[in-house]
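Notes to accompany the following structure.
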Amino acid sequence: MLIVHLHYWPGIVVAKDGDVPVGSCLVGSGDFYYIKTSEGPAGALYRIYHDAVAEDGYDPGEAIALVLGAYRELLDHVERPQP
């Protein structure tokens with residue numbers, strides 16, 4: 001994931017804003033999921049549309065979608081085995 005962050009879009013651009021990749025789409029969009037270091041452990045989970053980020057920058061209103069208000073909410077969506 002760190003290689004994506006440092007060498008590929010959108011990571012090259014959004015890294016400057018403190019975004020760190022934590023996952024990627026597994027159904028074919030090519031988009032990555034990020035957390036913002038500035039938000040700390042209670043921060044949100046965002047999807048950044050890779051095709052909305054370019055070398056000259058991006059419009060956060062178009063490129064970033066809120067996925068979860070706090071990334072710890074992701075645990076609420078984990079399927080746990082039944083005892």
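So in the range 58-73, with the set limited to residues that are of a type outside the set (Gly, Ala, Ser) and over 13 Å from the mean Cα position of the chain (by Cα), which one is farthest from His7 (Cα to Cα)? Result: Glu73.
Listed by position, the helices (runs of 4 or more DSSP H) contained in the chain that have at least 1 residues being in contact with a Gly (Cβ under 7 Å, 6 or more places away or on another chain), surrounded by 15 or more Cβ atoms within 10 Å (Cβ to Cβ) and in contact (Cβ under 8 Å) with a residue 24 or more places away in the chain are 2-7, 11-14.
Selection of the range 27-57 for residues being over 12 Å from the mean Cα position of the chain (by Cα) and within 18 Å of Tyr71 (Cα to Cα) yields Ser38, Glu39, Gly40, Pro41, Ala42.
Just so you know, all these numbers are worked out from the coordinates, no wet-lab data involved. These numbers were taken from a predicted model, which means no experiment stands behind them. Every residue, glycine as well, gets a Cβ built from its backbone with ideal geometry; the counts of neighbours run over all protein chains shown.
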